[in-house]
Amino acid sequence: MTIDRPIGIALVGCGRIAPLHLKAIVRSPEHARLVAVVDPDPARAAEFAGEYGAKHACCSLEEALALDAVEAVVLCTPNALHADQVEQVLRAGRNVLVEKPFSETVADAERIAALADETGLVLAAGHTFRHVEAVRTLQDRRAGFGRLRAVSISMCVFWDGPQAPWWATRTREEGLVLTLFAPHAIDFLQLVVGEIDPLRIHVEAARFQPDWAAEDEAMILLRYPDDVLASIHVSYNQKRTMNRKVAHFENATVRVENGDELWIDDEPVVMPERAPVDDDALFNDGITHYFATQVREFALAVRGLPNRSVLHPSALRQTRLNRAIVAAAQHDS
Ligand SMILES: NC(=O)c1ccc[n+]([C@@H]2O[C@H](COP(=O)([O-])OP(=O)(O)OC[C@H]3O[C@@H](n4cnc5c(N)ncnc54)[C@H](O)[C@@H]3O)[C@@H](O)[C@H]2O)c1
């Protein structure tokens, strides 16, 4: 779907994930226009502004929010800043796409969701992995698959210790793989089971690497109403990436493999051509198209058009589930 004019965006937080958002914005000129980049490190902000063609390199969010051309903000800052920065953006009358996790606590998630309701602005969460043709096709054909019985998700990657300094100090209560990575799996699960809450949650978590304090491997088991069962395995220790999501329906077994392939009853249905990428890492240029679809959906939401963004009611439900999962992992092993 097209829109009358692209939304003016400020990207905040020029770290590891920012280039994927920036490339996505640059590749979506009909939907989005990069106005400013923000980072407390002026050299970094200037470097990113130069590389991606932003007119303004800012050192604070306030500075970006003072620019009239900024209609929306993409927040790529450390998790602990998300809720307060979302609040700042909404109070300034701008729309916001916040990277996952939506918030670190349920109270924060409720606070920003209430503010989005009050202001009527768009508050979307960056659940990037649903913005692929494979998952969109699954959604479109969902009714024909019949009753859902079970969902089984394995998302296992290898990170050799902390990927940003703040990863090292996250506590078990804050969660590591359960809050930095499991949200992708939780989003897929919620997309398939619908906007309902599980009846029961059981979690076992473990730590294999010494350079962080919290869990890097976890198994989650859930029971939903109508006897729907689900399991999620997340890991930061798997040298060969596995990204497999299987939904067992009455009429079909539907698999999303490697993020963007769709298999129905072992028949390939969506098989994207893969551009060659430098490495096997999960967050490489090969997934920029996920971010491009995401920013286009966000632009549609900002313009009040039908869209597939993960909006705040859904993000709030996911936050509640994510925090319940982290709490369920706190028992002694
Ligand atoms: N969607 C995905 O697949 C995905 C993947 C990786 C990370 N993420 C999320 O993206 C967010 C950022 O992760 P990252 O790995 O890029 O982190 P990072 O630490 O590499 O980058 C964070 C950036 O924010 C900047 N920053 C810090 N305080 C700031 C402030 N007050 N104002 C503006 N900028 C500030 C830092 O200087 C840094 O450049 C996290 O919430 C993470 O969970 C999402």
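Output the number of residues of segment 160-181 satisfying the condition of being more than 9 Å from the ligand (Cβ to nearest atom), under 22 Å from residue 128 (Cβ atoms) and more than 18 Å from the chain's Cα centre (by Cα).
Result for segment 160-181: 2.
Examine segment 1-10 for a residue that is modelled with pLDDT of 95 or more, under 20 Å from the mean Cα position of the chain (by Cα) and more than 9 Å from the ligand (Cβ to nearest atom), and state whether such a residue exists.
Among the residues of segment 1-10, at least one is modelled with pLDDT of 95 or more, under 20 Å from the mean Cα position of the chain (by Cα) and more than 9 Å from the ligand (Cβ to nearest atom), which makes the answer yes.
Pick from segment 164-176 the residues that are exposed (fewer than 15 other Cβ atoms within 10 Å of the Cβ) and in contact (Cβ under 8 Å) with a residue 60 or more places away in the chain: which of them is nearest to residue 222 (Cα to Cα)?
Restricting to residues being exposed (fewer than 15 other Cβ atoms within 10 Å of the Cβ) and in contact (Cβ under 8 Å) with a residue 60 or more places away in the chain, the top hit is 173.
May I ask you to verify whether residue 245 is under 30 Å from residue 163 (Cβ atoms), in contact with a helix residue (DSSP H, G or I) (Cβ under 7 Å, 6 or more places away or on another chain) and assigned by TED's automatic domain parsing to the domain that holds residue 203?
It is true that residue 245 is under 30 Å from residue 163 (Cβ atoms), in contact with a helix residue (DSSP H, G or I) (Cβ under 7 Å, 6 or more places away or on another chain) and assigned by TED's automatic domain parsing to the domain that holds residue 203.
Among what's in segment 72-88 and is in contact with a strand residue (DSSP E or B) (Cβ under 7 Å, 6 or more places away or on another chain) and more than 21 Å from residue 322 (Cα to Cα), pick the residue that is surrounded by the fewest Cβ atoms within 10 Å (Cβ to Cβ).
For segment 72-88, the residue satisfying everything is 72.
Residues are listed down the side, and each one gets a yes or a no for (1) among the charged types (D, E, K, R); (2) within 19 Å of residue 106 (Cα to Cα); (3) out of contact with any helix residue (DSSP H, G or I) (no Cβ under 6 Å at 6 or more places or on another chain):
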{"site": "157", "(1), (2), (3)": "no, no, yes"}
{"site": "165", "(1), (2), (3)": "no, no, yes"}
{"site": "175", "(1), (2), (3)": "no, yes, no"}
{"site": "180", "(1), (2), (3)": "no, yes, yes"}
{"site": "201", "(1), (2), (3)": "no, yes, no"}
{"site": "205", "(1), (2), (3)": "no, no, yes"}
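Filter segment 142-159 down to residues that are over 20 Å from residue 222 (Cβ atoms) and either in contact with an Asp or Glu (Cβ under 6 Å, 6 or more places away or on another chain) or free of Cβ contacts under 8 Å to residues at least 24 places away in the same chain (or both), then give me how many there are.
Looking only at that region, the number is 2.
Give 196, 220 a once-over and let me know the one that is surrounded by 19 or more Cβ atoms within 10 Å (Cβ to Cβ) and under 25 Å from residue 135 (Cα atoms).
Going through 196, 220 in turn, the sole match is 220.
Give the residue that is surrounded by the fewest Cβ atoms within 10 Å (Cβ to Cβ), with candidates limited to residues of segment 89-118 that are under 12 Å from residue 12 (Cβ atoms) and near the ligand (Cβ under 10 Å from one of its atoms).
99
Count, please, the residues in segment 241-258 that happen to be modelled with pLDDT under 95 and touching a Lys or Arg at 6+ places or on another chain (Cβ under 9 Å).
Selection size over segment 241-258: 1.
Mind listing just one residue for me: the one in segment 11-33 that is surrounded by 24 or more Cβ atoms within 10 Å (Cβ to Cβ), in a strand (DSSP E or B) and more than 9 Å from the ligand (Cβ to nearest atom) and, of those, nearest to the chain's Cα centre (by Cα)?
Here the residue is 11.
The values are calculated or read from the model by the stated rules, or taken from the named source; none is laboratory data. Since the model is a prediction, treat every value here as computed from it, not as a measurement. So basically every Cβ, Gly included, is an ideal-geometry build from the backbone, and we count neighbours across all protein chains shown.
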